[in-house]
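Chemist: For reference, the structure I am asking about is given below.
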Amino acid sequence: MNINLEEMLSIDSVILCFTLILFLPIAVLFVECIAALLPKKKINKNQAITSSSRPTVAVLIAAHDEEVVIGNTIANILPQLSDRDRLIVIADNCSDRTASIVKNFDVTLLERRNSLHQGKGYALDYGLWSMQQNPSDVVIILDADCHIQPNYIESLAYKAMASGRPVQPINLLYRANNSDLKSAISELAFVVKNLVRPQGLAKLNLPCLVTMGTAYPWSVINQVPLASGNLVEDMQLGIDLAIAGNPPLFCSDAKVTGVLPLKDRAATTQRTRWEHGHLSTLQTQVPRLIKESWRQKRMDLLAIAFDLCVPPLSFLVILWSIVATIGLTVVVAEGKLNSAICWITIEGLLLFLAIFLAWGKFGRKIIPFKSLVNVPLYIMWKLPIYFQFLIKPQQKWIRTERDIVSTQSSVQPRTQIAELSYKE
């Protein structure tokens, strides 16, 4: 088949256009990973928090059929709460023993039933509404299957009150002891996303995206509604608050962790919800953030837009691989190099150098160097997730099936069960 000069130039232009578009997320990822390697800033003692009393804290947990994990989660959180704090569990459309287990603890239990409005966002909005008459200084939102590390509550509470902004802790997922190599690669991906990148942004004095375990001053979180079925409601909340003038801060002194699912079906369900939610949010919120950055003359919103435009790592590698394959095919057909292939090469170097440096600094204990050759297999496992997004993206929130854990903790029933009149 003969291709004339005009057609060749057209093909080269299209490939170059896609290549330049791809350069932005790759460059952002590279800058964030490099910045994370910079030495930690020394804290000025004159800027240290000197409050005589710790802010009051309300911890909100939305729990939908969480009888397997909810007891252990509550038992982990309670020791860090003072007598002035509250732990509020919203048993949301539960059909199991979640509510009865919660009643064994000295916490506030809210039972919500609404078959029309289902999802974590609606449950959290219900919890916030219950606090309107007696709000706490700081609200921390946690998942029903998380584990907070020592000094977590105190670190977040002080920083949220001192800054008047949302504060995002380190949020990591670890693999179970008997998990496979795929889980190890997933763990590394979470380290890059939720530790390396936000730490790099913090060292550049830039805001981060919100994931889970975030602390919010009451005056801030009370500004925006939470009631939605968004698949990544935490991320959307952080964006809404940033546009409202409260961009989130990253706190490396606080950490909340979870465990990756052992079962393939549960892992696929979890990743599908997160990654479809991320890609959908990218499509709708990046233009919104850029528009608001221009309207409000705020560079921090532009920084959040750039950070959000970085898709899940596997998806970014797939996009680069597709563009690189097409570019090389055109080079072979034309018999000469072009500007597109030069950009593709630069992007490949930046992408894989960013991943390698992040692994070298933060991930060597997670996965040995020789096992990195299995990363392509992990990407292939996620291909159906991305293909499904192109054909029929997930829109409904689906709970991840929990693995069986140890027996739930139990104490004498002292739960406050709130009787509320709430309209959605």
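Chemist: Taking the options Glu111, Glu154, name whichever one is surrounded by fewer than 24 Cβ atoms within 10 Å (Cβ to Cβ), out of contact with any Pro (no Cβ under 9 Å at 6 or more places or on another chain) and part of a helix (DSSP H, G or I). Give the steps one after another, and end with the answer.
Modeler: Numbers: Glu111 fails: part of a helix (DSSP H, G or I).
Step by step, each of Glu111, Glu154 is checked, and only Glu154 is surrounded by fewer than 24 Cβ atoms within 10 Å (Cβ to Cβ), out of contact with any Pro (no Cβ under 9 Å at 6 or more places or on another chain) and part of a helix (DSSP H, G or I).
Chemist: If I go through region 287-314 residue by residue, how many of them are free of Cβ contacts under 8 Å to residues at least 60 places away in the same chain and open to solvent by 20 Å² or more (accessible area, probe 1.4 Å)?
Modeler: Of the residues in region 287-314, 12 are free of Cβ contacts under 8 Å to residues at least 60 places away in the same chain and open to solvent by 20 Å² or more (accessible area, probe 1.4 Å).
Chemist: Among the residues of region 278-328, which ones are hydroxyl-bearing (Ser, Thr, Tyr) and modelled with pLDDT under 95?
Modeler: Initial filter on region 278-328 (hydroxyl-bearing (Ser, Thr, Tyr)): 280-281, 284, 293, 314, 321, 325.
Passing the criteria: Ser280, Thr281, Thr284, Ser314, Ser321, Thr325.
Chemist: Only one residue in Gly258, Gly200 is assigned to a strand (DSSP E or B) and touching a Cys at 6+ places or on another chain (Cβ under 8 Å), so which one is that?
Modeler: Numbers: Gly200 fails: assigned to a strand (DSSP E or B).
So the residue among Gly258, Gly200 that is assigned to a strand (DSSP E or B) and touching a Cys at 6+ places or on another chain (Cβ under 8 Å) is Gly258.
Chemist: I've got another one for you. Out of the residues in region 79-99 that are of a type outside the set (Gly, Ala, Ser) and farther than 23 Å from Gly258 by Cβ, state the one that is most open to solvent (accessible area, probe 1.4 Å).
Modeler: Among them, the one singled out is Asp83.
Chemist: Looking at Leu206, Leu237, Leu173, Leu195 in this structure, which one is outside any strand (DSSP E or B) and modelled with pLDDT under 95? So that I can check it myself, show each step before the final result.
Modeler: On the way: Leu206 fails: modelled with pLDDT under 95; Leu173 fails: outside any strand (DSSP E or B); Leu195 fails: modelled with pLDDT under 95.
When all the criteria are applied, what remains is Leu237.
Chemist: While we're here: Considering only region 315-328, state which residues are open to solvent by 10 Å² or more (accessible area, probe 1.4 Å) and either within 20 Å of the chain's Cα centre (by Cα) or not hydrophobic (A, V, I, L, M, F, W, C) (or both).
Modeler: Phe315, Val317, Ser321, Thr325
Chemist: Sticking with this structure for a sec: Identify all residues within region 209-229 that are of a type in the set (S, T, N, Q) and either without any contact (Cβ under 8 Å) to a residue 40 or more places away in the chain or part of a loop (DSSP other than H, G, I, E, B) (or both); write none if there are none. Lay out the reasoning, then the answer.
Modeler: Applying the first criterion (of a type in the set (S, T, N, Q)) to region 209-229 yields 211, 214, 219, 222-223, 228.
Residues satisfying the conditions are Thr211, Thr214, Asn222, Gln223, Ser228.
Chemist: Right, next: So for region 364-372 (the condition being at pLDDT below 90, in a helix (DSSP H, G or I), under 24 Å from the mean Cα position of the chain (by Cα) and surrounded by 12 or more Cβ atoms within 10 Å (Cβ to Cβ)), does at least one residue qualify?
Modeler: yes
Chemist: Could you list, in sequence order, the residues of region 214-240 that are acidic (Asp, Glu) and surrounded by fewer than 21 Cβ atoms within 10 Å (Cβ to Cβ)?
Modeler: Once the filter is applied, which keeps residues that are acidic (Asp, Glu) and surrounded by fewer than 21 Cβ atoms within 10 Å (Cβ to Cβ), region 214-240 yields only Asp240.
Chemist: Please count how many residues of region 329-342 are in a loop (DSSP other than H, G, I, E, B) and either at pLDDT 80 or above or surrounded by 14 or more Cβ atoms within 10 Å (Cβ to Cβ) (or both). Reasoning before the result, please.
Modeler: Our first condition is that a residue be in a loop (DSSP other than H, G, I, E, B); within region 329-342, this holds for 335-338.
Those still in the list that are either at pLDDT 80 or above or surrounded by 14 or more Cβ atoms within 10 Å (Cβ to Cβ) (or both) too: 338.
Qualifying residue count, region 329-342: 1.
Chemist: Kindly establish whether Arg86 is among the basic types (Lys, Arg) and at pLDDT 95 or above.
Modeler: Working: among the basic types (Lys, Arg): yes; at pLDDT 95 or above: yes.
It is true that Arg86 is among the basic types (Lys, Arg) and at pLDDT 95 or above.
Chemist: Here are some conditions: (1) modelled with pLDDT of 80 or more; (2) touching a helix residue (DSSP H, G or I) at 6+ places or on another chain (Cβ under 6 Å); (3) open to solvent by less than 50 Å² (accessible area, probe 1.4 Å). Gln408 meets all but one. Which one does it not meet?
Modeler: Checking Gln408 against (1) modelled with pLDDT of 80 or more; (2) touching a helix residue (DSSP H, G or I) at 6+ places or on another chain (Cβ under 6 Å); (3) open to solvent by less than 50 Å² (accessible area, probe 1.4 Å), the one that fails is (1).
Chemist: Which condition from (1) part of a loop (DSSP other than H, G, I, E, B); (2) at pLDDT below 85; (3) within 19 Å of Leu260 (Cβ to Cβ) is the one that Gln395 breaks?
Modeler: All conditions pass for Gln395, except number (3).
Residue-by-condition table, conditions (1) surrounded by fewer than 21 Cβ atoms within 10 Å (Cβ to Cβ); (2) assigned to a strand (DSSP E or B); (3) hydrophobic (A, V, I, L, M, F, W, C); (4) within 22 Å of the chain's Cα centre (by Cα):
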| residue | (1), (2), (3), (4) |
| --- | --- |
| Thr73 | no, no, no, yes |
| Ile77 | no, no, yes, yes |
| Ile101 | no, no, yes, no |
| Gln118 | yes, no, no, yes |
| Gly121 | no, no, no, yes |
| Leu128 | no, no, yes, yes |
| Pro135 | yes, no, no, no |
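The values are calculated or read from the model by the stated rules, or taken from the named source; none is laboratory data. Being a predicted model, the structure only gives us computed values, none of them experimental. Ideal geometry is used to build each Cβ from the backbone, glycine not excepted, and the neighbour counts take in all protein chains shown. The accessibility values were calculated without ligands, DNA or RNA, using every heavy atom of the protein model including side chains. Shrake-Rupley method; radii C 1.70, N 1.55, O 1.52, S 1.80 Å.
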